[in-house]
Amino acid sequence: MDTVILSDWLAARLERTAAEPVYRQTLRLMQQAILTGQLPPGTKLPSSRTLAEDLGIARNTVLHVYDQLTAEGYVISTTGSGTYVADTRPDTAAVNTRGKPAVAGVDMASSATTETPKPPKHGPDDLSMRGRRLIDKAGVSAKQWGAFMPGVPDVAEFPARTWSRLQARLWKEANPDLLTYAPGGGYRPLRRALSDYLRVARSVNCTPDQIIITTGIHQSIDLAVRLLTDVGDRAWVEEPCYWGARSVLQSSGITLVPVPVDDEGLNPREQDLQQPPRLALVTPSHQYPLGMVMSLARRRTLLEYARQHNVWIIEDDYDSEFRYGSRPLASLQGLDDAGQVIYVGSLGKMLFPGLRIGYMIAPEHLVDTFRTGVAELYREGQLMQQAVMTDFIMDGHLTSHVRRMRALYGERRQILIDAITARFGTELPVMGDEAGLHLVLGLPDHANDRAVTAAAYDAGVIVRPLASYYSSDTPSRRGLLLGYACVPNEKIAPAFDTLARVIEQTALKVPTRAA
């Protein structure tokens, strides 16, 4: 190849005043020329001195470029002979190429017109079936904060100074043991602190060894599903249920069996009972999203059924600390004497979601299995964060924070209910407001809650449609999930006024029948 052609080609493309250094530009352009066949395999490159003089740049710059091209396999340098373009073309015996390979010896002008392989067309078929199902049914929102985003605590009320002080103290000590991978199960002092807390707050029966620290409820469920089920196994899920848990199960190849809920919680039908599932995922202390509590009779029935048919129960106890007007209810796990319940929870709702510290309580005979599984699959870390959390609990800050937030959220819940009542009276029912961080505002059967949600979003208000929590395309109830925890008291009424106008315009008009 003519040295002048390469020099002219590079000179025409170098931008001397660009922010990108000349070294990086020259390297990128030469890599591009080699990959596209403009510099065919076997082409001898000009000497570093010649190319530097032609381009008007330092010889060291060209030497660095050649060294990098050699290190990355683009060129081959031979002492006394020179530097040549390496043959990096795909092996045609292994790859079905559609374009014509570059021909050695073609100059820069003619090789630029050589036909190159066309990139593959990408589209919906790129995804697997379960990948498409996951994306099509995704419930994640583009916004995670504001009125009335469900399931989000008020992070502005988090005692950041206290946390910062505890964290600074630990970083000052700089214990190397806190900077490596976490041992199977997580930081033992945190597991001990959580064990004491959960025995008192949630009436669970566990030892510190039974607690496995995770990044949250999603990971806890994922771990249990991976270790206890196979592709095609059946799982009971509440109808309706939390979209995130449903996505975790489906993405693992589990066949979902939606089981209806009533005022007493999960209510399996005869056909459900005739085919025992491999596992059942339930929210007994505060059904998500409708809010009912599973009765004691239903709890005992479920536990006995699980014992007889070897069904694993995953108890998702996501926000039971926030119950208004009564004490938090005891866990289902506390009634389990057969080792069938896997209890999962998170500290994110109590503190702040970005904390990403969750936990699961494994039956004693599965502890070693789960410890190995979490370490093998996820290579856990965040020990420093777990150590801060330990001190936060042991110094009493968690208990006092939850107590203060329970009172604050209770106020906000009442403000929202008052705003609903003032606007709609008893026309629209309020459901699931006894606990948690959200309530459900019922809509007429003819209403399209997805359309209301979209219109509200355009008006600056975030809600979730109840329909999206059902597996069926024809949900039995229509409504909106309204989160109140992250909305300041004074902003609740104005935000609801905006939402109320949207509801009146899009949901309360009775559709006219065609003649």
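The values are calculated or read from the model by the stated rules, or taken from the named source; none is laboratory data. Remember, predicted model here, so these are calculated numbers, not experimental data. Positions of Cβ are backbone-derived with ideal geometry, glycine not excepted, and every protein chain shown enters the neighbour counts.
Scanning the range 422-446 for residues being β-branched (Val, Ile, Thr) and out of contact with any strand residue (DSSP E or B) (no Cβ under 8 Å at 6 or more places or on another chain) gives a total of 1. Among the residues of the range 489-504, just one is over 20 Å from residue 455 (Cβ atoms) and free of Cβ contacts under 8 Å to residues at least 40 places away in the same chain, namely 490.
Within the option set 467, 447, being touching a residue at least 12 places away in the same chain (Cβ under 8 Å), surrounded by 22 or more Cβ atoms within 10 Å (Cβ to Cβ), touching a helix residue (DSSP H, G or I) at 6+ places or on another chain (Cβ under 8 Å) and outside any helix (DSSP H, G or I) holds for one residue only, 447. Taking the stated definitions as given, is residue 400 at pLDDT below 95, on the phi < 0 side of the Ramachandran plot and not in a strand (DSSP E or B)? The answer is no for residue 400. Restricting 287, 340 to residues that are over 26 Å from residue 386 (Cβ atoms), assigned by TED's automatic domain parsing to the domain that holds residue 238, surrounded by 21 or more Cβ atoms within 10 Å (Cβ to Cβ) and in contact (Cβ under 8 Å) with a residue 60 or more places away in the chain narrows the list to 287. Among the residues of the range 11-28, those identified as surrounded by fewer than 20 Cβ atoms within 10 Å (Cβ to Cβ), more than 39 Å from the chain's Cα centre (by Cα) and touching a residue at least 12 places away in the same chain (Cβ under 8 Å) are 11, 13, 14, 22, 23. When residues in the range 142-176 are screened for being exposed (fewer than 15 other Cβ atoms within 10 Å of the Cβ), outside any helix (DSSP H, G or I) and among the small types (Gly, Ala, Ser), 2 of them pass. When residue 381 is tested against (1) part of a loop (DSSP other than H, G, I, E, B); (2) modelled with pLDDT of 95 or more, only condition (2) is not met.
Within the range 394-417, restricting attention to residues that are free of Cβ contacts under 8 Å to residues at least 24 places away in the same chain and among the small types (Gly, Ala, Ser), the residue that is nearest to residue 350 (Cα to Cα) is 400. Applying the set (1) assigned to a loop (DSSP other than H, G, I, E, B); (2) in contact with a Leu (Cβ under 7 Å, 6 or more places away or on another chain); (3) of a type outside the set (A, V, I, L, M, F, W, C) to residue 325 leaves exactly one unmet item: (2). Six or more apart or on different chains, Cβ under 6 Å: which pairs go from a residue in the range 306-318 that's assigned by TED's automatic domain parsing to the domain that holds residue 238 to one that's surrounded by fewer than 20 Cβ atoms within 10 Å (Cβ to Cβ)? Could you list them? Taking only residues 6 or more apart or on different chains, the pairs are 307/338; 309/276; 311/276; 312/228.
For the range 478-498, the condition of being touching a strand residue (DSSP E or B) at 6+ places or on another chain (Cβ under 9 Å), farther than 28 Å from residue 320 by Cα and surrounded by 14 or more Cβ atoms within 10 Å (Cβ to Cβ) holds for none of the residues. Among the residues of the range 207-224, those that are crowded, with 17+ Cβ neighbours inside 10 Å and in contact with an Asp or Glu (Cβ under 9 Å, 6 or more places away or on another chain) comprise 210, 213, 214, 215, 217, 220, 221. Scanning the range 198-253 for residues that are hydrophobic (A, V, I, L, M, F, W, C) and free of Cβ contacts under 8 Å to residues at least 24 places away in the same chain yields 200, 231.
Within the range 10-53, being under 15 Å from residue 69 (Cβ atoms) and among the charged types (D, E, K, R) holds for 24, 28, 44.
Of the listed requirements (1) outside the structural domain of residue 216 (by TED's automatic domain parsing); (2) touching an Asp or Glu at 6+ places or on another chain (Cβ under 8 Å); (3) part of a helix (DSSP H, G or I), residue 411 misses just one: (2).
When the range 370-393 is filtered for residues that are touching a residue at least 12 places away in the same chain (Cβ under 8 Å) and surrounded by fewer than 16 Cβ atoms within 10 Å (Cβ to Cβ), the ones remaining, listed by number, are 372, 377, 378, 379, 381.
Listed by position, the helices (runs of 4 or more DSSP H) enclosed by the range 1-93 that each have at least 1 residues that are touching a strand residue (DSSP E or B) at 6+ places or on another chain (Cβ under 6 Å) are 22-35, 59-71.
Let me confirm something: among 266, 273, 228, 256, which residue is closer than 24 Å to residue 365 by Cα and either buried (at least 17 other Cβ atoms within 10 Å of the Cβ) or at pLDDT 95 or above (or both)? Testing whether each residue is closer than 24 Å to residue 365 by Cα and either buried (at least 17 other Cβ atoms within 10 Å of the Cβ) or at pLDDT 95 or above (or both) leaves just 228.
Would you mind stating whether residue 434 is exposed (fewer than 13 other Cβ atoms within 10 Å of the Cβ) and acidic (Asp, Glu)? No.
Only residues that are small (Gly, Ala, Ser) and on the phi > 0 side of the Ramachandran plot were counted across the range 301-353, and they come to 2.
Out of all the residues in the range 300-314, is one or more under 30 Å from residue 481 (Cα atoms) and touching a Lys or Arg at 6+ places or on another chain (Cβ under 8 Å)? Yes.
Could you please find all residues in the range 414-442 being part of a loop (DSSP other than H, G, I, E, B) and within 31 Å of the chain's Cα centre (by Cα)? The answer is 432, 433, 434, 436, 437.
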